[in-house]
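Shown next, in structure tokens, is the structure this report addresses.
No lab work stands behind these numbers, since they all come straight from the coordinates. The model shown is predicted, which means the values in this text are computed figures rather than measured ones. Here the Cβ positions follow ideal geometry from the backbone for every residue, glycine too, while neighbour counts run over all protein chains shown.
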Amino acid sequence: MASKTARIVLVEDNPGDVFLVRKALKEKGIAVDLTCFEDGQEALKSLLQPRRKVPDLILLDLNVPKIDGVDVLRTVRNTPHLADVPVLILTSSASPTDIHRTALLGAARYITKPSELYDFLREVGRGVEEMLLASGW
């Protein structure tokens with residue numbers, strides 16, 4: 001990918017998955033300024049600051065503490081300076097209800113976390129790359 005650095009916010013409470021996301025981005029050659037939050041409350045506290053730089057992409061797990069991913073997505077979509085930021089749901093849930101609900105709320109993509117390492121790295125790397133390119137990054 002280009003030498004530009006993507007500003008990505010990752011909301012994920014599993015340190016192993018945070019490590020794998022970093023690895024996937026590195027393997028895809030995506031230069032990234034990755035800001036990680038372990039719960040939805042801390043993510044929103046940061047994202048809602050008016051002078052904070054708007055991220056190029058938000059990677060969001062649905063099953064995070066304090067404020068769940070669905071409520072984080074709803075708040076992001078209802079916040080004018082964040083409303084157009086692409087959100088990629090990255091979660092262990094394969095529930096059709098979760099997939100449908102997040103699509104209705106404006107998630108750009110939904111990836112159920114693959115259990116195999118190679119598949120996880122490939123799917124996440126490709127998903128992030130495609131979303132960044134589609135957003136004109």
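For segment 20-87, how big is Rg over Rh, using alpha carbon atoms and the Kirkwood form of Rh?
Working: Rg = 12.3 Å, Rh = 12.7 Å.
Dividing the radius of gyration by the Kirkwood radius yields 0.97.
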Can you give the charge dipole size of segment 14-84 about its Cα centre, rounded to the nearest 20 debye, using +1 on the beta carbon of Lys and Arg and -1 on the beta carbon of Asp and Glu? 260
Near E130, within a Cβ-to-Cβ distance under 11 Å, what is the net charge of the other residues, with Lys and Arg +1 and Asp and Glu -1? +1
Can you tell me how much longer the chain between D84 and R101 gets when fully stretched, taken as 0.36 nm per residue apart minus their C-alpha distance, in nm with one decimal? 4.3 nm
So which aspartates and glutamates pass the test for K113, namely a Cα distance under 15 Å, with those fewer than 8 places away in the same chain ruled out? E12, D13, D17, D61, D98, E123
Under a straight-distance cross-link criterion of Cα-Cα below 19 Å, which lysines are reachable from K53, leaving out those fewer than 8 residues away in the same chain? K4, K45
With contacts defined as alpha carbon pairs under 8 Å and 6 or more residues apart, what's the relative contact order of the chain in percent? 26
Net charge within 12 Å of D98 by Cβ-Cβ distance, Lys/Arg positive one each and Asp/Glu negative one each, not counting D98 itself? -1
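Mind putting a number on the dipole of the chain about its Cα centre? Charges go on the C-beta only, +1 for Lys and Arg and -1 for Asp and Glu, and I need it in Debye to the nearest 20. Don't skip to the answer; put the middle values down first.
Numbers: 18 positive and 19 negative charges, 101 e Å.
It works out to roughly 480 debye.
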Looking at the square roots a ≥ b ≥ c of the eigenvalues of the Cα gyration tensor of the chain, which shape do they give, rounded for a/c under 1.5, prolate if a/b is larger than b/c, or oblate? rounded
For segment 43-55, in order, what is each residue's ³J(HN,Hα) by Karplus, 6.51 cos²θ - 1.76 cosθ + 1.60 with θ = phi - 60°, in whole Hz (x at glycine and Pro)? 4, 5, 4, 6, 4, 7, 5, x, 9, 6, 5, 6, x
Would you mind computing, in nm to one decimal, how far apart the modelled labels at N14 and T112 are, each placed 7 Å from Cα along Cα→Cβ? 1.4
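If a/c stays under 1.5 just call it rounded; otherwise compare a/b with b/c (prolate if a/b is bigger, oblate if not). Do that for segment 13-52, with a ≥ b ≥ c from the square roots of the Cα gyration tensor eigenvalues.
Note, shape of segment 13-52 comes out oblate.
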Label-reachable residues, segment 30-62, where backbone N falls under 16 Å from a point 7 Å from T5's Cα toward its Cβ: 30-36, 53-57
Once both label points are put 7 Å beyond Cα along the C-beta direction, the V54-K23 separation in nm becomes 3.4
